Amino acid sequence: MTFLIDPPLLFSFGFISYFIGAKVSDKTNMPIGKILAVFSLFTIIFTSSSLYLNMSYMDWFWIPFQPAVTSGKDLMINSGLFSFESTDTAGLIDALAAIQIALYPLWIYLGVKFYNWKNK
């Protein structure tokens, strides 16, 4: 996952979660759509934050992309496509990354809203 694909991925997860929830709503009273959306949100926040912080337990995720990327943080910032600084990121880059991750709930919410709009 990278900061480039996370917003559309989260939007899609919000939409798909509620789509699945609607399909199984006749089998259960549980809010499956909400549960799946929240699970998706927390999974992506955990994964993205762990990669950005270069947590060693996430090495399996970025190592297949070598030599295009050099770390989890590099994968999140550059995706193997760009050459932004990914080693010394104190300041603006870290602030932008925090803002990006803080906006993740918005993308899920917009996906849910889009599902509701399409299915009125």
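To keep it simple, each residue is scored yes or no on (1) buried (at least 19 other Cβ atoms within 10 Å of the Cβ); (2) in a helix (DSSP H, G or I).
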{"site": "Pro7", "(1), (2)": "no, yes"}
{"site": "Phe19", "(1), (2)": "no, yes"}
{"site": "Ile44", "(1), (2)": "yes, yes"}
{"site": "Tyr57", "(1), (2)": "no, yes"}
{"site": "Phe61", "(1), (2)": "no, yes"}
{"site": "Thr87", "(1), (2)": "no, no"}
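If I ask for residues that are modelled with pLDDT under 90 and surrounded by fewer than 17 Cβ atoms within 10 Å (Cβ to Cβ), which ones from segment 96-118 would you list?
So in segment 96-118, the residues modelled with pLDDT under 90 come out as 96-97.
Correct list: Leu96 only.
Kindly provide the set of residues from segment 25-42 that are out of contact with any Gly (no Cβ under 9 Å at 6 or more places or on another chain) and part of a helix (DSSP H, G or I), ordered by number.
Result: Val38, Phe39, Phe42.
So which residues in segment 75-120 are of a type in the set (Ser, Thr, Tyr), within 27 Å of Trp60 (Cβ to Cβ) and over 13 Å from the mean Cα position of the chain (by Cα)? Walk me through it before giving the result.
Step one: of segment 75-120, the residues of a type in the set (Ser, Thr, Tyr) are 79, 83, 86-87, 89, 104, 109, 115.
Then drop every residue that is not within 27 Å of Trp60 (Cβ to Cβ), which leaves 79, 83, 86-87, 89, 104.
Of everything in segment 75-120, those that are of a type in the set (Ser, Thr, Tyr), within 27 Å of Trp60 (Cβ to Cβ) and over 13 Å from the mean Cα position of the chain (by Cα) turn out to be Ser79, Ser83, Ser86, Thr87, Thr89.
Under 8 Å between Cβ atoms, which residue pairs at least 6 apart in sequence (or on different chains) link something in segment 99-120 that is touching a residue at least 24 places away in the same chain (Cβ under 8 Å) and part of a helix (DSSP H, G or I) with a partner that is surrounded by 15 or more Cβ atoms within 10 Å (Cβ to Cβ) and β-branched (Val, Ile, Thr)?
Ile101/Ile45; Tyr104/Ile44; Tyr104/Ile45; Gly111/Ile16
Could you tell me which residue of segment 46-55 is surrounded by the fewest Cβ atoms within 10 Å (Cβ to Cβ), considering only residues that are of a type in the set (A, V, I, L, M, F, W, C) and farther than 11 Å from Tyr104 by Cβ?
Top of the filtered list is Leu53.
Would you please name the residue that is farthest from Lys73 (Cα to Cα), looking only at residues in segment 18-47 that are over 23 Å from the mean Cα position of the chain (by Cα) and of a type in the set (Lys, Arg)?
Once the filter is applied, the top-ranked residue is Lys27.
Suppose we filter Tyr109, Tyr104, Tyr57 for residues that are of a type in the set (Phe, Trp, Tyr) and more than 25 Å from Ser17 (Cα to Cα); which single one remains? Break it down stepwise before answering.
Working: Tyr109 fails: more than 25 Å from Ser17 (Cα to Cα); Tyr104 fails: more than 25 Å from Ser17 (Cα to Cα).
Among Tyr109, Tyr104, Tyr57, only Tyr57 is of a type in the set (Phe, Trp, Tyr) and more than 25 Å from Ser17 (Cα to Cα).
How many of the residues making up segment 25-34 are without any contact (Cβ under 8 Å) to a residue 12 or more places away in the chain and either small (Gly, Ala, Ser) or surrounded by 12 or more Cβ atoms within 10 Å (Cβ to Cβ) (or both)?
2
The values are calculated or read from the model by the stated rules, or taken from the named source; none is laboratory data. Quantities reported herein were computed from a predicted structural model and do not represent experimental measurements. Note that we place each Cβ from the backbone using ideal geometry, even for glycine, and neighbour counts take in every protein chain shown.
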